[in-house]
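K.L.:
Questions regarding the structure given below will be posed in turn.
The values are calculated or read from the model by the stated rules, or taken from the named source; none is laboratory data. All of these numbers come straight from a predicted model, not from anything done at the bench. Neighbour counts run over all protein chains shown; Cβ positions are idealised from the backbone, glycine included. For the accessible areas, the whole protein counts, side chains as well, though only heavy atoms, and no ligand, DNA or RNA atoms are used. Shrake-Rupley method; radii C 1.70, N 1.55, O 1.52, S 1.80 Å.
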Amino acid sequence: MFRIQLWVSVLLCCFTFWFHISFGYLITCSGIVPMRYRNDKVSITDFGGVGDGKTLNTKAFREAIYRIQHLRRRGGTLLYVPPGVYLTESFNLTSHMTLYLARGAVIKATQDTWTWPLVAPLPSYGRGRERPGGRYMSFIHGDGLRDVVITGENGTIDGQGGIWWNMWRQGNLQFTRPNLVEFMNSRGIIISNVIFKNSPFWNIHPVYCSNVVIRYVTILAPTDSPNTDGIDPDSSSNVCIEDSFISTGDDLVAVKSGWDEYGIAYGRPSSHITIRRVTGSSPFAGIAVGSETSGGVEHVLAENIVIYNSGIGVNIKTNIGRGGFIKNITVSQVFMENVRTGIKITGDTGDHPDNQFNPNALPYVKGVTLKNIWGVKVQKAGSIQGLKNAPFTNICLSKINLHGMTGPRSPPWKCSDVSGAAIEVSPSPCAQLSSPQQSGSCANHF
């Protein structure tokens, strides 16, 4: 009976999606940044770019972007990358530009790791995420920019991360690996219609940014590639992530805001993050918050998500020493298949940058709503484990059905130091989550 209800729900969701597309009612947050049309256009070949997969094009990219930056054409400039494979070292973008990859265009990172420039650690992290000191600059980088677009006809940005993954496995890293694309202190950013593959570290990392749209992207990395998160909004606000496919070696989307005492001191939260119509698989989490949440995370909406062949469906994670807050998180309309744990909310996840963190800096977790979630082949339904001196409150579950590998029910939930409510949840949730009639804190969330 449940399987019939499940597929009816899935078909209804698909029908709703089709109906909205067909009749122009597709809900989207992408309007926060309008797509820019650039009258001025140049090609990378105008600057000596050669797409033979062998010629190093660093000089061409840097000269082209220097020209865009200093000529300042009205309305900005589009940099066109025609079909071909363009090998290059890392480079910086500039404001009021579009990087446009034609179909069949590949911008490929050099594997000469010794030429990679270093940048300062993020102030909200205090050091590199993996190693003390600085960090390698992202392959495509932007700092203090506005009105930047990376788009095209599903061309590819290839980080050639294998050499970096092996350095990590062998313990040979001197500094933290580079992200594939990172924007810092920037606003009015659009990333769309591009394939990202084989990032050395995190794929797309907007940090200290506002008004960012990431839509119609494909992000790929092997399942055993270390720390290749898909999209990590970090101490950023008004971020829209929609209509994308992600299959990587770590969390598909992870909302962050700084690390322990450094994130607490920097004090910039991630807020108003929308994640919608994302599909993918990961050995870790599909949708994640944390574990670096020291600046706070609030007002996150994730809906119409499909997760398969993954470790955890939805994972909200923090730790002692993090401080900060996680509040007003809503995850809805999720379908998951073949995952180890459906839902996990925990206060004991993640490492620390150093021994200077304050063990009394406890995170505040309140107002997490999970509803309309279906799962098949889910080995374990869920685990919600708060902290003894900082219980998680207002955890609201409704209309959740997570079926196990061989039968209609997964093992029971595991809970501690949590309060809230649950209704129409199968398998039955832990006793700490009473009925909504007994807990008015969740009444408005069902």
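K.L.:
So, TYR308, is that one touching a residue at least 60 places away in the same chain (Cβ under 8 Å) and surrounded by fewer than 24 Cβ atoms within 10 Å (Cβ to Cβ) or not? Please lay out each step first, then the result.
P.N.:
On the way: touching a residue at least 60 places away in the same chain (Cβ under 8 Å): no; surrounded by fewer than 24 Cβ atoms within 10 Å (Cβ to Cβ): yes.
No, not satisfied.
K.L.:
State yes or no: is SER257 over 18 Å from GLY324 (Cβ atoms), among the hydroxyl-bearing types (Ser, Thr, Tyr) and at pLDDT 95 or above?
P.N.:
Details: over 18 Å from GLY324 (Cβ atoms): no; among the hydroxyl-bearing types (Ser, Thr, Tyr): yes; at pLDDT 95 or above: yes.
So SER257 fails the test.
Yes/no matrix, rows are residues, columns are (1) modelled with pLDDT under 95; (2) within 29 Å of the chain's Cα centre (by Cα); (3) β-branched (Val, Ile, Thr); (4) open to solvent by 20 Å² or more (accessible area, probe 1.4 Å):
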| position | (1), (2), (3), (4) |
| --- | --- |
| THR406 | yes, no, yes, yes |
| VAL418 | no, yes, yes, no |
| SER428 | yes, no, no, yes |
| CYS442 | yes, yes, no, no |
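K.L.:
Moving to a separate point now. Have a look at ILE190, ILE150 and point out the one that is within 20 Å of SER210 (Cα to Cα) and touching a residue at least 60 places away in the same chain (Cβ under 8 Å). Walk me through it before giving the result.
P.N.:
Details: ILE150 fails: touching a residue at least 60 places away in the same chain (Cβ under 8 Å).
One residue alone meets the criteria, ILE190.
K.L.:
A follow-up question, please. In the set GLU292, GLU303, which member is acidic (Asp, Glu) and open to solvent by less than 10 Å² (accessible area, probe 1.4 Å)?
P.N.:
Working: GLU303 fails: open to solvent by less than 10 Å² (accessible area, probe 1.4 Å).
On inspection, the qualifying residue turns out to be GLU292.
K.L.:
Also, I was wondering about something else. Mind counting the residues in segment 26-44 that are among the small types (Gly, Ala, Ser) and exposed (fewer than 13 other Cβ atoms within 10 Å of the Cβ)?
P.N.:
1
K.L.:
In addition: Which of the residues belonging to segment 347-396 are among the aromatic types (Phe, Trp, Tyr) and touching a His at 6+ places or on another chain (Cβ under 6 Å)?
P.N.:
Scanning segment 347-396 gives no hits.
K.L.:
Considering segment 196-208 alone, what residues qualify as being over 14 Å from the mean Cα position of the chain (by Cα) and either open to solvent by 10 Å² or more (accessible area, probe 1.4 Å) or free of Cβ contacts under 8 Å to residues at least 40 places away in the same chain (or both)? Reasoning before the result, please.
P.N.:
Initial filter on segment 196-208 (over 14 Å from the mean Cα position of the chain (by Cα)): 197-198, 200, 208.
Passing the criteria: LYS197, ASN198.
Conditions (1) at pLDDT below 95; (2) within 28 Å of SER225 (Cα to Cα); (3) in contact with a Ser or Thr (Cβ under 9 Å, 6 or more places away or on another chain); (4) open to solvent by 30 Å² or more (accessible area, probe 1.4 Å), marked per residue:
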position	(1), (2), (3), (4)
PRO83	no, yes, no, yes
THR88	no, yes, yes, no
PRO123	no, yes, no, yes
GLY142	no, yes, yes, no
ARG146	no, no, yes, yes
GLY155	no, yes, no, no
GLY162	no, yes, yes, no
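K.L.:
Only one of VAL106, VAL119 is free of Cβ contacts under 8 Å to residues at least 24 places away in the same chain and under 29 Å from ILE44 (Cβ atoms). Can you tell me which?
P.N.:
VAL119
K.L.:
Residue check, ASN319 against (1) open to solvent by 10 Å² or more (accessible area, probe 1.4 Å); (2) closer than 23 Å to SER186 by Cα, all met but one. Which one?
P.N.:
If we test ASN319 against (1) open to solvent by 10 Å² or more (accessible area, probe 1.4 Å); (2) closer than 23 Å to SER186 by Cα, just (2) comes out false.
K.L.:
State the number of residues belonging to segment 228-285 that are hydrophobic (A, V, I, L, M, F, W, C), part of a loop (DSSP other than H, G, I, E, B) and surrounded by 24 or more Cβ atoms within 10 Å (Cβ to Cβ). Walk me through how you get there before you give the answer.
P.N.:
To start, the set of residues in segment 228-285 that are hydrophobic (A, V, I, L, M, F, W, C) comprises 231, 239-241, 245-246, 252-255, 259, 264-265, 273, 275, 278, 284-285.
Now restrict to residues that are part of a loop (DSSP other than H, G, I, E, B): 252, 259, 284.
Now drop any that are not surrounded by 24 or more Cβ atoms within 10 Å (Cβ to Cβ), which leaves 252, 259.
Qualifying residue count for the region: 2.
K.L.:
If you check LYS399, LYS366, LYS380, which single one turns out to be open to solvent by 10 Å² or more (accessible area, probe 1.4 Å), touching a Ser or Thr at 6+ places or on another chain (Cβ under 7 Å), closer than 16 Å to VAL314 by Cβ and not in a loop (DSSP other than H, G, I, E, B)?
P.N.:
Details: LYS399 fails: touching a Ser or Thr at 6+ places or on another chain (Cβ under 7 Å); LYS366 fails: closer than 16 Å to VAL314 by Cβ.
On inspection, the qualifying residue turns out to be LYS380.
K.L.:
Then there's this: Spot the failing condition for LEU433; the list is (1) over 21 Å from LYS327 (Cα atoms); (2) modelled with pLDDT under 95; (3) open to solvent by less than 20 Å² (accessible area, probe 1.4 Å), and only one is missed.
P.N.:
Here LEU433 clears every test but (1).
K.L.:
Report every pair of residues separated by at least 6 positions or lying on different chains whose Cβ atoms are under 9 Å apart, first residue within segment 39-54 and on the phi > 0 side of the Ramachandran plot, second of a type in the set (Gly, Ala, Ser) and open to solvent by less than 70 Å² (accessible area, probe 1.4 Å).
P.N.:
GLY48/ALA60; GLY53/GLY84
K.L.:
Tell me yes or no: at least one residue of segment 57-77 is over 30 Å from the mean Cα position of the chain (by Cα), closer than 27 Å to GLY161 by Cα and assigned to a loop (DSSP other than H, G, I, E, B).
P.N.:
no
K.L.:
Kindly check whether there is at least one residue in segment 187-194 that is within 19 Å of GLY144 (Cβ to Cβ), open to solvent by 20 Å² or more (accessible area, probe 1.4 Å) and either among the polar types (S, T, N, Q) or out of contact with any strand residue (DSSP E or B) (no Cβ under 9 Å at 6 or more places or on another chain) (or both).
P.N.:
Checking segment 187-194: not a single residue is within 19 Å of GLY144 (Cβ to Cβ), open to solvent by 20 Å² or more (accessible area, probe 1.4 Å) and either among the polar types (S, T, N, Q) or out of contact with any strand residue (DSSP E or B) (no Cβ under 9 Å at 6 or more places or on another chain) (or both).
K.L.:
Then there's this: Would you point out which residue out of ALA109, ALA102, ALA120 is among the small types (Gly, Ala, Ser) and out of contact with any Asp or Glu (no Cβ under 7 Å at 6 or more places or on another chain)?
P.N.:
ALA120
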